Amino acid sequence: MSNEILNSLLKEYSQKKLDAELDLEKRKQNLYKLIPRLEEIDNELNNFAINTAKNILNNSSNNYSINNLKQKIANLKKEKELILLKNNYNVDYLKPFYECKICNDTGFILDNNYKTTMCNCLKQKLLDISFNKSNMSNLKKENFNNFNELIFSDEVDLSKYRFNISPRKNISNIKNKCIDFINNFDNPDYKNLLFVGSTGLR
Ligand SMILES: [Zn+2]
């Protein structure tokens, strides 16, 4: 997998994240006009967050003031939820709508050991790309269920076909070998398959 593909996927991700955040900003501004109390609550919550951070940095907080602040934040969040529900909005309406709720469209997550790992959504995208590149994306259409041996001649002609069996019999044998191979895929003693032929044959 080349870095180029990963880079372009990461660019796509940061655009997706940005779009979700811009979309949230639009929804926020529209809703603030309709329900000004929501803007007040969000401003208060932002101020609390800044004050909490300041208190922690200055080490000037005691347990009482921290608990007090936590209670105030919880009350404001509750009030916000109730307003949204009362006005027929989902409680998550004022949060960004990320495509992936696990990594918030960053493509990466922190695991239990605080190590950054790739999110499954990004892994899947990389797999899809390599799958398409391997020309195996048409499996729904191109599979053994649609295999039609009748399009091969059942004429036996050694000089024409270079086999003493008909092309139809030959292709049936090949198909059976392939099915055997699939059925024994996890058997280490089973031999590999090798397809040979001129370039472009399929
Ligand atoms: Zn993800």
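Below are the figures for this structure:
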| read-out | value |
| --- | --- |
| Only listed residue being part of a helix (DSSP H, G or I), surrounded by 11 or more Cβ atoms within 10 Å (Cβ to Cβ) and among the acidic types (Asp, Glu), chosen from Glu21, Glu4 | Glu21 |
| Residue in region 139-147 that is within 30 Å of Leu22 (Cβ to Cβ) and touching a residue at least 12 places away in the same chain (Cβ under 8 Å) present | no |
| Residue satisfying all of: in region 126-147; in a loop (DSSP other than H, G, I, E, B) and exposed (fewer than 10 other Cβ atoms within 10 Å of the Cβ); modelled with the highest pLDDT among these | Asn143 |
| Lone qualifier among Leu82, Leu69 - being free of Cβ contacts under 8 Å to residues at least 40 places away in the same chain and surrounded by 13 or more Cβ atoms within 10 Å (Cβ to Cβ) | Leu69 |
| Selection from region 98-125 of residues that are away from the ligand (no atom under 12 Å from the Cβ) and among the basic types (Lys, Arg) | Lys115 |
| Pairs with Cβ under 7 Å, 6+ apart, first in region 46-59 and under 19 Å from Leu94 (Cβ atoms) and at pLDDT 75 or above, second in a helix (DSSP H, G or I) and not aromatic (Phe, Trp, Tyr) | Phe48/Leu69; Phe48/Lys72; Phe48/Ile73 |
| Members of region 95-125 that are β-branched (Val, Ile, Thr), outside any strand (DSSP E or B) and crowded, with 17+ Cβ neighbours inside 10 Å | Thr106 |
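Condition check ((1) more than 16 Å from the ligand (Cβ to nearest atom); (2) under 20 Å from Asn7 (Cα atoms)) across all residues:
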{"position": "Leu22", "(1), (2)": "yes, no"}
{"position": "Ile41", "(1), (2)": "yes, no"}
{"position": "Lys70", "(1), (2)": "yes, no"}
{"position": "Lys77", "(1), (2)": "yes, no"}
{"position": "Glu81", "(1), (2)": "yes, no"}
{"position": "Asn87", "(1), (2)": "yes, no"}
{"position": "Pro96", "(1), (2)": "no, no"}
{"position": "Leu127", "(1), (2)": "no, yes"}
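The values are calculated or read from the model by the stated rules, or taken from the named source; none is laboratory data. What you see is a predicted model, and the numbers here were worked out from it, not measured in a lab. Cβ sites come from the backbone with ideal geometry, for glycine too, and all protein chains shown count toward neighbours.
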